[in-house]
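Provided herewith is a single structure, encoded as structure tokens, for subsequent inquiry.
The values are calculated or read from the model by the stated rules, or taken from the named source; none is laboratory data. The structure displayed is predicted, hence computed values, not measured ones. Counting neighbours? That spans all protein chains shown, and the Cβs are built from the backbone with ideal geometry, glycine included. In case anyone asks, the SASA skips ligands and DNA or RNA and just uses the protein heavy atoms, side chains included. Shrake-Rupley method; radii C 1.70, N 1.55, O 1.52, S 1.80 Å.
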Amino acid sequence: MLNIFARASVSRVTDPIGAWLVRRGLTPNSVTVLGTIGTVAATLWFFPRGQLFVGALAVTAFVLFDLLDGAMARAQGSGTPFGAVLDASCDRIADGALFAALAWYAFGVGNRWLAVAALVSLVAAQVVSYVKARAEASGLNADGGLAERAERLIVVLVGSGLSGLGVPYILDVALWLCAVLTAATVVQRLLAAHRAATEVVG
């Protein structure tokens, strides 16, 4: 949902930065890879150690690279097919590292139900993206849903940051909310693909 409502506003900020980076000789693919490496390193370093607030800040900073690579591609005129594949693949790696690190933290503090929520979110987030990609490969549309990547990251990173500041149970709420909404998004996309397939047959 945020991809629909916030894209224009965000682009007004990121497009000038993206154009500046292109003029300095950077490429969208290099920024994608750097952002992913930073995200994975930050999640696996801070979250398992219980440094949730600092970890949330660090991950948020690196996740912003995901906005800049798109802006850089627009500054160059358009993205490339490989760039799109690389961006989607790096998103899955970063998301997997984030939820795995939170599950690691949850097991470390003896909160198995929190770990379950993190693992459900991890699997469901990967399936959300897979359904869309597989549907599009079959000529169907399965976009949208309650919890796309932006919504998932906001919920989890805000919950992690507030938990690091001492707000009780907020990480549990955030991860279970993410798990439920992401699972619902899987169902939404499957239904969208089914409707699209029915329209094609009809």
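Mind checking whether some residue in region 70-93 is outside any helix (DSSP H, G or I), touching a Ser or Thr at 6+ places or on another chain (Cβ under 7 Å) and surrounded by fewer than 19 Cβ atoms within 10 Å (Cβ to Cβ)?
Scanning region 70-93 turns up no residue that is outside any helix (DSSP H, G or I), touching a Ser or Thr at 6+ places or on another chain (Cβ under 7 Å) and surrounded by fewer than 19 Cβ atoms within 10 Å (Cβ to Cβ).
For (1) open to solvent by less than 20 Å² (accessible area, probe 1.4 Å); (2) in contact (Cβ under 8 Å) with a residue 40 or more places away in the chain, each residue gets a yes or a no:
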residue: VAL127; (1), (2): no, yes
residue: ALA137; (1), (2): no, no
residue: GLU151; (1), (2): no, yes
residue: VAL156; (1), (2): yes, yes
residue: LEU165; (1), (2): no, yes
residue: LEU181; (1), (2): no, no
residue: ALA192; (1), (2): yes, yes
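Matching residues to (1) within 17 Å of VAL186 (Cα to Cα); (2) in contact with a helix residue (DSSP H, G or I) (Cβ under 7 Å, 6 or more places away or on another chain):
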site	(1), (2)
SER89	no, no
ILE93	no, yes
ALA101	no, yes
ALA118	yes, yes
VAL123	yes, no
ALA142	yes, yes
VAL155	no, yes
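To continue, here is another question. With respect to VAL54, determine if the residue is part of a helix (DSSP H, G or I) and either touching a residue at least 24 places away in the same chain (Cβ under 8 Å) or buried (at least 16 other Cβ atoms within 10 Å of the Cβ) (or both).
The answer is yes for VAL54.
Does ALA142 fit the bill of being in contact with a Leu (Cβ under 8 Å, 6 or more places away or on another chain) and modelled with pLDDT under 95?
Taking the combined requirement at face value, the residue satisfies it.
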